[in-house]
Amino acid sequence: MSPIAFLLLFPLVIAILLLLIRSDRVRAPLVYVSATAIIIASVYTVCRYLNDGTTMFDFSWEPLGTLMFAVEVILCITVICLGYKYKKWAAPVLAVIQTAIGTWFELTQAGGLTADHNLYIDELSMIMVLIIGIIGSLITVYAVGYMKDFQAHDKSKDRRPWFFFVMYVFLSAMFGIVLSNNLMWMFFFWEITTFCSFFLIGYTRTDEAIHNAFLQLKLNIIGGIAFIVAIAVFVCDQHVVEMDKLLECGLSGIDVVLPVALLCLAGIVKAAQMPFQSWLLGAMVAPTPTSALLHSSTMVKAGVFLLLKLAPLLGKDIVGYAVMTVGALTFLLASMAAVSQSNAKRVLAYSTIANLGLIVACAGVGTYEAVWAGILLMIFHAITKSLMFLSVGTAEHHIGSRNIEDMDGLFERMPRLAAIMIIGIAGMFLIPFGMLISKWAALTTFVESENLVLIACLIFGSAVTSFYWTKWLGKLVGVVAHCENVEKTVHKDEWAVLDILTVLVIAVCFGFPLLSEYIVSPYLIHVFGNPPEAFLAIFGTEYVWILLAMLALLIILPIALLNKSKKPQSSIYMAGLNNGDNQSYTGSMGATVNVTLRNWYMESWFSNDRMDKIGVVMTVLVIVVTFALVLAGVTL
Amino acid sequence: MNWYSLIGVALFLLLAPAIGCLLSGIDRKITARMQRRVGPPVLQPYYDVRKLIEKDQLAVNKVVDYYVLCSFLFTIFAGCIFFAGGDLLIVVFTSTLADVFLVLAAYSCNSPYAQVGAQREIYQLMAYEPMLLLTMIGFYLAKGSYQMWDILTGSGVALWPMLGLFFGFLFILTIKFRKSPFDLSTSEHAHQDIVKGLTTEFSGKTLAVFEVSHWFETVLLLGVVFLFFANGTLWSYILGLIFAFLSFFLEIIIDNSFARMKWQVVLKSSWAVAAVLGLINIALLLWVL
Amino acid sequence: MTYLTKSPWILHYDGSSCNGCDIEVLASLTPVYDIERFGIINTGDPKQADILLITGSVNAQSISVVKQLYDQMPGPKVVIAVGICACTGGVFRHCYNVLGGVDKAIPVDVYVPGCAARPEAIIDGVVKGLAILAEKEKAEKEGKGKAATAAPPAAEAKP
């Protein structure tokens, strides 16, 4: 029990301390120490419970429910006040509706309802604990140095205590989501993460930030409403409020199908799937550590975590088909939209949406192999994407832009950062790295499940994925002469975090067989029974060796082949008119023309407006039809 | 790992450059004959590469030959996995990795022509990859395994259930062989708009490595064509070899009878082929056959 | 023996010619003359070329281009001046902007006179150039590590 309580409460205590402290000198060591403590605690928790499988805790304290309810009401009032201040009405109205449903539920239904086990931990939660504990803490460490620069650039009032307060509250809430067995508790933490995200997006208080913060709130409260309605329907019928009991019910009868469908909707909103993807794109105005922590590696993972949790109930039924279709369409269309983006954070955002889409699709398929692929995707994505976000953040502060077009010759200007980014990008789509392995697993399971839509979305989507990552990679590797090295002023804590994450990206590739063997497989065997023969045949040990050999090759080659003796160098070919600096040529009338190389965005085909529109129309259609069928009592 | 895997890898490493080189020479000879010329000797590609090795190195930066060498190694790696009887999807992913390295080599030069070539190369990658993956999925559905060895020795000719995929594969083979009408990225035929595209800044040994890796790749791709015919009997293997050569001949004819098309056509047509021939064929394999 | 002579790739540059010689250069690619028989490829890329084939005289505008293209070719390499303008400046030699033959800019190995030079003469010039290429390769091998060797004496193709 104790490590769990520590994970839930310790970040909260630190959050309050950080709110009170205004001095940089105290804040930095406090963050380092508490981050280390959280990392150690999460690793300890996993080691402690790993061999026990699922462990339930009946932690209960009567006033806690009331306290949670009170916090929700206070948050609702806050939203109303802020909505009044900024003249945004949609979010407060939705918040009122949600709180009204919550109040009604609390007053009429919840009385006498007690959960046997409020908290639990199983292998899936353990994976999430590791992701939140390790990556989340590292990001807060990174944020110390980053926010110092951010404040120097920004010039507005120093609100960093508030920033760190929200970040640590968020960590606590994330632990809450993945460790709660009581659905009401889970809902409470779910809402807390929504509000954390709201405050962090609006951090700079520019018009754009406020607009996007309210957009995020609006859409996520729709998800919240779906969540609370799901609980209400489920409790009214079954009189239990626990996740494990919900999973035991099986999908039979509207009283279970409807709550599951609503929970899936909540998960889809949280995971920023189409048609709700716009909030995640808007969230990119937040400071980069926020994007890394909330909008790529953890909060959006809460959405897919819920869906993966529900995966045994999905599969070849109507909700399962809906979830997998929404996920697959999102993967395809978000990947395509990423092609047309030149803002690095928006590329990362679309790529995040796309990869979450793939995980959602895997959850929808709901078989042993699919969930295996989904969980591995979740792990690899969390590590790689947070690395990418953080390196873009560092680049932004030192080259003054987050546009990929301005990353020309980053290889010369910020060699260490460029190397880190190259590893990060390669980790997103190239073979020996984890993302591709899990994509490969997803592909084979989609083929096994005989779903043509999923196969089509995955292969076309991944072709597009290679396109946009490779062209970014190309920008980074360009060797531009006469560049100044600008990375000397990067903070040490930023380097430390970036280096650790880079090592993690590579380490999980070597370690994934172990991860699969000791954490993922036990969970899956517990939930689905023994793995199918075909799965073992494809992902047998032989191929693991091939992949490891390739990975080793990729690490050895640069060391072996680079740093050779100098060869005679020549200028680049510009039809004989190169001015000798490789950056300009002599044009007509002897004028000097500067050469700028730009990437290819194919706006006319892959513009994000177009992709968003198509995606929204198609996914809304899928969701509406699904709910109509569920309410009509149709089952497959 | 079995003895036949080792033999397959050894044969590939020894014979593929020779076969690729000869095929390339035959290509140039046939092309010349189609244009009523005498043409160069059949061994001309070999002479070219030997000459390139003799030339001085004149690189634009220190990393370009590293990337090209990586591309070369991973092309061979992909071929080795294939001829060792390994997993076809890994083969596709590995050759994608090799291609990405090639693109990076061109990007690293920071040269206008090379960069246009590099962008076109990844554009082509985007165009042909769906069809390539669908073909491999088709093999799995038709013969029950992703393993090249199982497909090679398993009974039943994959060609009939995979007829649509076969034609789709022939279509993207034109892009993979860098042939007209789809030779967007390298301008194999001299004096075109982007000079030598992707390879503009490659010279001497670097270019030689690029040429040799293209030989390996040619043999690998023709190996996939061969696989469509194999059913475990000697006759099927002979037939496969004949058809692999015929498909190469077909590409030469296509090369000589088309001008290069607009870049838009590449993606539109190859995705249309993948969507129509590929997906319908996969649907049939999934639900009917 | 060197493979350089078996696969000479040509970079063709027009200094300021009237295009008469250019057409003859291209004519040698046609089926009638078919210079690909000798493994010759007309490439557009100096980085991949062995022979720089220049038509037309060098003028104030083109001299820097000629020099740069020459510099961007990896050695061993030869330069062939095709047509009387490329050899000496021809009828244009007194023009205000014309500097003279190609040898005003870079060392020329083979001069192919003619106005315009006939394809046979051009092919003959290229084949002469191959012999020089082989010599240069030999000289380079022997003189490796020594200072850069002087260009071997120029040959002249019969018109």
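Read-outs throughout are calculated quantities, based only on the coordinates presented, and are distinct from any laboratory measurement. Quick caveat, the model's predicted, so the values are computed rather than measured. FYI the Cβ positions are ideal-geometry reconstructions off the backbone, even for glycines, and counts take in every protein chain you see.
Tabulated data
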{"read-out": "Reach of residue B:143 by Cα under 29 Å, taken over lysines that are not fewer than 8 positions away in the same chain", "value": "A:316, A:439, B:176"}
{"read-out": "Among beta bridges that DSSP assigns inside the protein assembly as shown, antiparallel share in %, nearest 5", "value": "40 percent"}
{"read-out": "Debye, to nearest 20: dipole size of the protein assembly as shown, +1 on Lys, Arg Cβ, -1 on Asp, Glu Cβ", "value": "2220 debye"}
{"read-out": "Qualifying lysines (Cα of each under 22 Å from Cα of residue A:148; at least 8 residues distant if same chain)", "value": "A:157, A:345, A:488, A:492"}
{"read-out": "Folded to 0 to 90 degrees: helix B:112-143 orientation relative to chain B principal axis, Cα", "value": "10 degrees"}
{"read-out": "Number of partner chain Cβ atoms within 10 Å, mean per residue of B:137-146", "value": "2"}
{"read-out": "Three-way shape label, segment B:7-138, alpha-carbon gyration tensor, a/c 1.5", "value": "rounded"}
{"read-out": "Average other protein chain Cβ within 10 Å of Cβ, residues A:405-415", "value": "1"}
{"read-out": "Environment charge of residue A:68, counting only residues whose C-beta is closer than 14 Å and scoring Lys/Arg +1, Asp/Glu -1", "value": "-4"}
{"read-out": "Mean-position separation - Cα centroids, segment C:94-125 and segment A:92-171, in angstrom", "value": "79 Å"}
{"read-out": "Kirkwood-based shape ratio for segment C:9-146, expressed as Rg/Rh from alpha carbons", "value": "0.97"}
{"read-out": "Simple label model, 7 Å out from Cα along Cβ direction - residue A:416 to residue A:78, nm", "value": "3.7 nm"}
{"read-out": "Helix B:263-273 axis, angle to chain B major axis (alpha carbon atoms, nearest 10°)", "value": "10 degrees"}
{"read-out": "Listed residue pairs exceeding 22 Å between alpha carbons, taken from C:6/C:67; C:77/C:138; A:218/A:309; C:77/C:104", "value": "C:6/C:67; A:218/A:309"}
{"read-out": "Helix A:492-515 axis, angle to chain A major axis (alpha carbon atoms, nearest 10°)", "value": "70 degrees"}
{"read-out": "DSSP H segments from chain C that extend 18 Å or more along their own axis, Cα-based, with Kyte-Doolittle mean of -0.5 or above", "value": "C:119-142"}
{"read-out": "The protein assembly as shown - Rg over Rh from alpha carbon coordinates, Kirkwood radius", "value": "1.03"}
{"read-out": "Segment A:88-144: chymotrypsin sites (Phe, Trp or Tyr not before Pro) in DSSP loop, at most 14 other beta carbons within 10 Å", "value": "A:89"}
{"read-out": "From the C-alpha gyration tensor of segment B:123-222, square roots of 5λ in Å", "value": "32, 15, 10"}
{"read-out": "Neighbour-limited loop hits for trypsin sites (Lys or Arg not before Pro), segment B:238-289 (at most 12 other Cβ within 10 Å; DSSP other than H, G, I, E, B)", "value": "B:262"}
{"read-out": "Segment A:372-489: equivalent-ellipsoid semi-axes (sqrt of 5 x gyration tensor eigenvalues, Cα, Å)", "value": "33, 14, 10"}
{"read-out": "Rounded D (µm²/s) - chain B, Kirkwood Rh over Cα pairs, Stokes-Einstein at 4 °C, 1.567 mPa s", "value": "67 µm²/s"}
{"read-out": "Cα convex hull volume per residue for segment A:1-310 (Å³)", "value": "119 Å³"}
{"read-out": "Percentage, to the nearest whole number, of Cα pairs in segment B:1-49 over 12 Å apart", "value": "65 percent"}
{"read-out": "Simple Cβ-charge dipole of chain B, Lys/Arg +1 and Asp/Glu -1, about Cα centre, in debye nearest 20", "value": "600 debye"}
{"read-out": "Kirkwood hydrodynamic radius of chain A, from inverse mean 1/r over distinct Cα pairs, in Å", "value": "25.2 Å"}
{"read-out": "Choice from C:60, C:27, C:105 with maximal GNM fluctuation in chain C (Cα, 10 Å cutoff)", "value": "C:60"}
{"read-out": "Summed residue charge, Cβ within 13 Å of residue A:242's Cβ, Lys/Arg positive, Asp/Glu negative", "value": "-2"}
{"read-out": "Chain A, helix-only ellipticity at 222 nm - DSSP H runs n ≥ 4, -39,500 (n - 2.57), divided by all residues, nearest 500", "value": "-23500 deg cm²/dmol"}
{"read-out": "Neighbour cut-off at most 13 other Cβ (10 Å), DSSP loop, trypsin sites (Lys or Arg not before Pro), segment C:53-93", "value": "none"}
